[in-house]
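Colleague: There's a structure below that I have some questions on.
Laboratory data are not the source of any read-out in this text; all were calculated from the coordinates shown. Not measured: the values here are computed from a predicted model. Heads up, the Cβs are rebuilt from the backbone with ideal geometry, glycines too, and the neighbour counts pull from every protein chain shown.
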Amino acid sequence: MVKTKNLAFAYEGGQKLFFPDLELPAGEHLLIIGPSGVGKTTLLHLLSGLLPPSQGAIHVGETALTALTRKELDMFRGAHMGIVFQQYHFIKSLTVSENMKLRQSYPQNADDKQRRNLLSERLGLADCSSKKVTELSQGQKQRLSIALGLIHKPQIVFADEPTSNLDDENCDRVVQLLKDEAEICKSSLVIITHDQRVKSHFQNQVVL
Amino acid sequence: MKLSYLAFKNMVSKPLNLALSLMLLWLSISLVTFVFQLSEQLSGQLDKNIAPFDMVVGAKGSPLQLVLSSVLHIDVPTGNIPLSEAKKLQKHPFVKIAIPVSYGDNHKGFRILGTELGYLEQYNAELASGTLFQKSFEVVVGSSVAERLGMKLGDTFVGAHGLAEAGGELHEDRPYTVTGILQPTGTVIDQLLISNLESVWEAHEHGEEGTNDDAQKNSEHEHDDQGDHDHDDHDHDDESHEGHQHEETEHDHDAHDEEHDHNEDKEITSLLVKFKSPLGMVQLPRFINENTEMQAALPGYEVQRLTKLLGSGVQTINGIAFAILLVSALSIFISLLKTIRERRQELALLRTYGLSTRQLLGLALREGLFLALIGFVLGWILGRLGVLGVSQYLKKVYGYGLELRGPDIFEFYLLGLTLILTFIAALLASSSIFKLNVAKTLSDA
């Protein structure tokens, strides 16, 4: 599903970061673990095509990200990738269900109400689907964030520190949710974290 | 989900920004459309009303006042002229039509005009019901008057002295009878009660002495000076005519018999003239102004002068309104700039959803254009409400109303201008979208 080779990235005026080569078969999950400051989020941005690498190649499925134009990259990311961000990002002027609907609309222009309801049900968001996102509790925001990463059934889901603010019990629940939803969508899940508690859930692990 | 929906939601999510930009736009658009309608309709009304006549001959005074009073019926007359003088003009070879008018009374604020049937023809007035006046104290009623006063055929009323509604003495002994009601013409006729000349004369043959009404003060009342000694002289032949007497006819008064007296002493307020040839326009007014005690005024010229005067006012207001329009474009620019900065993370999020830079730009432009459209429509409606308000007022005071019209071609241009200004403002405000660093924006919380 994901394959990288000789990947490196340098921020302007910063040190060059080198990343180990990755190879993840389709449908399998991957945990990338490492302490703060080694470029975990940078790697996620590279893998999702939000940052162009300074060197090396990235393949997602059969597609070479480095060969795509900016617009093609936007389309590809929108259609095939889901991202669960470390900070929650929503459209604040829309309600919970509208945020989900918006995610479905681009770029395929789909509108699957059944899927929204089902996902809301499973993630415990059914009661607040017409609430503004600013009115949600932290836990609800976390779950909405997961929903937005998965609602469009992407081939691959990237999750950036999904458990960092959670207690042990919730940590397990959230990881399980992510895994379950990824199974249902037949998506590959790539979790990037410094959280050692997540380790026991994944067979494929890469340490940065 | 459509981008337009998101743009709309984004727009209404900042009600204070929205209100400020909207109000500025609202104000400028309503001002421009209101003033435009007002000046358009005013000059349209004026042109329509003066169209039938090339020249007005009346007593000396302000030519504009003469036109306003005798043609448009919104001012007091300059005075009276002798019918005999007017009769001479009627026979002039350059004159095609010359219609005498005489007035000085009102019924509930609507003027009672004594004239000839030709007057109605000039305005293409047609009867809605009844018949035209045939003898004295029969009256045909303009459509607005009939509507406002609820007049029917056969109704009777008495004229009140003067042209204003309040305070005039009633001519109780000379009631008018409504014999006809006119169809709406969109001209001054709609506001008039029209009878023959004799009615107006006869109404004033009684009870004239005590009534020094404002409207007639500036004209007829030389009789204040001469009344005392005159009284004795002609009480016996015609006690009524003091009110209308003029100095010229004074001298040979005693020598005339009663019938002659009627023709010579009769006065009218003015004579409305249409020329046979353009030569008349060149020669007659100057001849009259230089050689007679009367004054000739050209309605076309006077109205042109008036609209020129009004025009500078209109231009000033338009200038102010366009300045506000620019400020409102500036306000849209600033508020979009602000919201785009505040929503940088949301825009970056949309990029990860697969929206292109162009689509994000479209989002911002839509937000601006929605605002412009809503502001314009609200402004347009407010402008029309203004027209409605002024129309009510004008109807009450001058008897002229304004129409509520649909969108004018000028207003479409204005809409185009507003949209272009907003488009430019929104485009400038969205330039940061091109430079959006998605990865960095999303990781800075």
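Colleague: Using the structure shown, select from A:92/B:338; A:101/A:153; B:88/B:266; B:108/B:396; A:101/B:14 the pairs with a Cα to Cα distance greater than 20 angstrom. Show your work: numbers first, answer last.
Modeller: On the way: A:92/B:338 15 Å; A:101/A:153 13 Å; B:88/B:266 14 Å; B:108/B:396 11 Å; A:101/B:14 22 Å.
Beyond 20 Å between Cα atoms: A:101/B:14.
Colleague: What per residue convex hull volume, in Å³, do the alpha-carbon atoms of region B:84-213 yield?
Modeller: Numbers: hull volume 14.7 nm³, N = 130.
Here the figure is 113 Å³ per residue.
Colleague: Additional query: Sort B:413, B:123 so that the residue with the fewest other Cβ atoms within 10 Å of its own Cβ comes first and the one with the most comes last. Each step should come with its number before you reach the end.
Modeller: Numbers: B:413 10, B:123 20.
Starting with the residue having the fewest Cβ neighbours, the order is B:413, B:123.
Colleague: Moving on. Taking the simple approach of a point 7 Å from Cα along Cα-to-Cβ for both residue B:388 and residue A:121, what is their distance in nm?
Modeller: The modelled label-to-label distance comes out at 5.1 nm.
Colleague: Which order results if B:380, B:26 are arranged by neighbouring Cβ count within 10 Å, fewest first?
Modeller: Going from least to most buried by this count: B:380, B:26.
Colleague: With θ set to phi - 60°, apply the Karplus curve 6.51 cos²θ - 1.76 cosθ + 1.60 along region B:291-303 and write out the HN-Hα couplings as whole Hz, x wherever there is a Gly or Pro.
Modeller: 10, 10, 7, 9, 10, 10, 10, 9, x, x, 5, 5, 5
Colleague: If you take the alpha carbon radius of gyration of the protein assembly as shown and divide it by 2.2 N^0.38 Å, what ratio comes out, to two decimals?
Modeller: Rounded to two decimals, the normalised Rg is 1.66.
Colleague: Between region B:133-149 and region A:101-160, what's the alpha-carbon centroid distance in Å?
Modeller: 76 Å
Colleague: Sticking with the crude label model, points 7 Å out along Cα→Cβ, report the distance from residue A:114 to residue B:434 in nm, one decimal please.
Modeller: Spacing of the two 7 Å Cα→Cβ label points: 4.6 nm.
Colleague: Mind scanning A:16/B:440; B:48/B:276; B:96/B:308; A:3/A:186; A:3/A:71; A:113/B:9 and naming the pairs with a C-alpha gap bigger than 24 Å?
Modeller: Violating the 24 Å limit, Cα to Cα: B:96/B:308.
Colleague: Report the net charge of residues surrounding residue A:65, where surrounding means a beta-carbon distance below 14 angstrom and charges are Lys +1, Arg +1, Asp -1, Glu -1.
Modeller: Residues close to residue A:65 contribute a combined charge of +2.
Colleague: Order of B:436, B:385 from fewest to most other C-beta atoms within 10 Å? Each step should come with its number before you reach the end.
Modeller: Working: B:436 17, B:385 13.
Lowest count first: B:385, B:436.
Colleague: Please find the FRET efficiency linking residue A:135 to residue B:164, where r is the Cβ-Cβ separation and R0 is fixed at 56 Å, and quote it to the nearest 0.05.
Modeller: Working: r = 65 Å, r/R0 = 1.17.
After rounding, the FRET efficiency stands at 0.30.
Colleague: Turning to a different aspect of this structure: For residue A:158, what residues show an amide H to amide H distance below 5 Å, using hydrogens built from the backbone and excluding near sequence neighbours?
Modeller: The list, which skips near neighbours in sequence, is A:82, A:83, A:84, A:190.
Colleague: Suppose R0 equals 51 Å; then what is the FRET efficiency for residue A:3 and residue B:23 from their Cβ-Cβ distance, rounded to the nearest 0.05?
Modeller: 0.35
Colleague: Which Cα, out of B:297, B:363, A:102, lies furthest along the positive dipole direction of the protein assembly as shown (beta carbon charges, K/R +1, D/E -1)?
Modeller: Farthest along the dipole direction, towards plus: A:102.
Colleague: Report, to one decimal in Å, the Kirkwood hydrodynamic radius for chain B based on all distinct Cα pairs.
Modeller: One over the average 1/r among Cα pairs gives 26.1 Å for chain B.
Colleague: Another one. At R0 = 30 Å, how high is the FRET efficiency between residue A:92 and residue B:326 if r is their beta carbon distance? Nearest 0.05 is fine.
Modeller: Taking R0 as 30 Å, the efficiency between residue A:92 and residue B:326 is 0.45.
Colleague: Based on Cβ point charges of +1 for Lys and Arg and -1 for Asp and Glu, what charge dipole magnitude is obtained for chain B about its Cα centre, in debye rounded to the nearest 20?
Modeller: 7340 debye
Colleague: Under 17 Å from a point placed 7 Å out from the Cα of residue B:147 along the Cα-to-Cβ direction: which residues of region B:91-129 have their backbone N that close?
Modeller: Taking a point 7 Å out along Cα→Cβ of residue B:147, the residues of region B:91-129 whose backbone N falls under 17 Å are B:110-111, B:125-129.
Colleague: Any idea what the dipole of the protein assembly as shown comes to, in debye rounded to 20, about its Cα centre with Lys/Arg Cβ at +1 and Asp/Glu Cβ at -1?
Modeller: The calculation lands at about 9720 debye.
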